Amino acid sequence: MASSNLKTAKKIKVKIRKKSGRLEKVITESIPKDLGISRTHVKNLITKGLIFSAISNRPIDLNYKLSDGENLFFELDLDKKQVLIAEKMELDVVFEDEHLIVINKKSGLVVHPGSGVNTGTLVNGLLYHSDRLSDLGGHLRPGIVHRLDKDTSGLLVVAKSDRAYLGLREQFSKHSASRHYIALIWGVPNINDNYTNKKIEFFLEENKIFKIVGKIGRHPVDRKKMAIRNDNIGKNAVTRFRVNNHYKFKNKVVASLVECWLETGRTHQIRVHMDSINHGIIGDQTYRSGKKTNTELIDTLGSIYHNFKRQALHAKNLSFIHPVTLEHKSFETSLPSDFKKLQRLFSEL
């Protein structure tokens, strides 16, 4: 048997309980649930030649024919950071078929493991919900085609089949898939505003549509943040938005409701771009430009505002061509209750 390249591993023996059905499913159902081994993980192990027959001591492949009561074995990494555990959680499923699943993600939910987060992610919940996710997203990101920030709510599509993953990935790469977001921002953008950031382009197109162009890359000092970077580290990013409503306090506009859509999909893109024109998203704990310090306004907004500790950003619309059926799919979801309460609060000023 090939030795594992992982620092700590345990040899796992699996006794097959039944021999009929898809190989990876039969094996997964024979493995104790407390080991947290998903069907996707099992399929990965098979294709990499890491599951062995106890009879021949040779690796099996996806065409292997099982016998009743046969024993197989493989090595399980004991580093919990490397094991994806299926976890039962409530998921708001908007659409699902054998190839993909559309989720209305709640705020506070991380999309996939990483950066010290190993459990409680959307991926963990999806592994419990579905016995099939595409392997092509990577071990820690099975089926993940695009992401939403932890505290951003809204629509997200995940690939269950490899064919769906490749088709969706191409659409997101070519920007033919459409995503529209709703955000509450401080103040109201004006193309004539004076701002000092020379690293972006900010201008007005037809139909009162604003466009922001500015490269985005990792912040040079704070590695948890992204920043406008006009160098070879920054990647091109384009955001468009329109102002749908604005809210006044004592005859002065203090906030606006905007609809944003992306030509590119960089990490934190909307948040960084709105911050770059000094109209940060309300509630954003990282990018905070434009935040009001007016004591009277803050007192008037009260506890609903004080308790809103996330960016007021929601992925409201998602559309794409189904990569297998070639049907046009379009989804829309309403604002979550905390967002609605905050919006109502500003509208009643």
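If you take the residues of region 282-319 that are under 22 Å from Phe241 (Cβ atoms) and aliphatic (A, V, I, L, M), which of them is farthest from the chain's Cα centre (by Cα)?
Filtering region 282-319 for residues under 22 Å from Phe241 (Cβ atoms) gives 282-292, 308, 310-319.
Still in the list and also aliphatic (A, V, I, L, M): 282, 312-313, 315, 318.
Details: Ile282: 20, Ala312: 16, Leu313: 13, Ala315: 11, Leu318: 13 Å.
Among those that are under 22 Å from Phe241 (Cβ atoms) and aliphatic (A, V, I, L, M), it is Ile282.
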ask   = Mind checking whether some residue in region 271-281 is farther than 23 Å from Phe202 by Cα, modelled with pLDDT of 95 or more, open to solvent by less than 20 Å² (accessible area, probe 1.4 Å) and outside any strand (DSSP E or B)?
value = no
remark   = Subset of region 305-346, residues assigned to a helix (DSSP H, G or I) and surrounded by 13 or more Cβ atoms within 10 Å (Cβ to Cβ), comes to Tyr305, Asp338, Phe339, Lys341, Leu342, Gln343, Leu345, Phe346
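Take region 292-304 and flag every residue that is among the polar types (S, T, N, Q) and not in a loop (DSSP other than H, G, I, E, B). Before you say what the answer is, go through the steps one by one.
Residues of region 292-304 that are among the polar types (S, T, N, Q), as a first pass: 293-295, 300, 303.
Scanning region 292-304 gives Thr295, Thr300, Ser303.
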remark   = Note on region 46-62: residues open to solvent by 20 Å² or more (accessible area, probe 1.4 Å) and either of a type in the set (Val, Ile, Thr) or outside any loop (DSSP other than H, G, I, E, B) (or both) are Thr47, Ile55, Pro59
query = In region 293-304, what count of residues is obtained for those that are surrounded by 14 or more Cβ atoms within 10 Å (Cβ to Cβ) and among the aliphatic types (A, V, I, L, M)?
reply = 2
Candidate set: region 149-165, residues that are in contact with a helix residue (DSSP H, G or I) (Cβ under 9 Å, 6 or more places away or on another chain) and assigned to a strand (DSSP E or B); chosen: the one farthest from Ile270 (Cα to Cα) = Ala159
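Residue by residue, here is whether (1) open to solvent by less than 60 Å² (accessible area, probe 1.4 Å); (2) part of a loop (DSSP other than H, G, I, E, B); (3) over 22 Å from Leu313 (Cα atoms); (4) in contact with a His (Cβ under 7 Å, 6 or more places away or on another chain) holds:
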{"position": "Tyr64", "(1), (2), (3), (4)": "no, yes, yes, no"}
{"position": "Lys88", "(1), (2), (3), (4)": "no, yes, yes, no"}
{"position": "Leu109", "(1), (2), (3), (4)": "yes, yes, no, no"}
{"position": "Leu126", "(1), (2), (3), (4)": "yes, no, yes, no"}
{"position": "Arg141", "(1), (2), (3), (4)": "no, yes, yes, yes"}
request  = Kindly indicate whether Phe210 is without any contact (Cβ under 8 Å) to a residue 40 or more places away in the chain, of a type in the set (Phe, Trp, Tyr) and either closer than 30 Å to Ala255 by Cβ or open to solvent by less than 20 Å² (accessible area, probe 1.4 Å) (or both).
outcome  = yes
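Is it the case, given these coordinates, that Gly69 is surrounded by fewer than 15 Cβ atoms within 10 Å (Cβ to Cβ) and under 27 Å from Lys18 (Cβ atoms)? Walk me through how you get there before you give the answer.
Working: surrounded by fewer than 15 Cβ atoms within 10 Å (Cβ to Cβ): yes; under 27 Å from Lys18 (Cβ atoms): yes.
Answer is yes for this residue.
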Condition met for Thr28 (of a type in the set (Ser, Thr, Tyr), under 30 Å from Phe320 (Cβ atoms), open to solvent by 60 Å² or more (accessible area, probe 1.4 Å) and at pLDDT 80 or above) = no
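The values are calculated or read from the model by the stated rules, or taken from the named source; none is laboratory data. If you're wondering where the values come from, they're calculated on a predicted model, not measured in any experiment. So basically every Cβ, Gly included, is an ideal-geometry build from the backbone, and we count neighbours across all protein chains shown. Just so you know, the surface numbers come from the protein's heavy atoms only, side chains and all, with ligands and any DNA or RNA stripped out. Shrake-Rupley method; radii C 1.70, N 1.55, O 1.52, S 1.80 Å.
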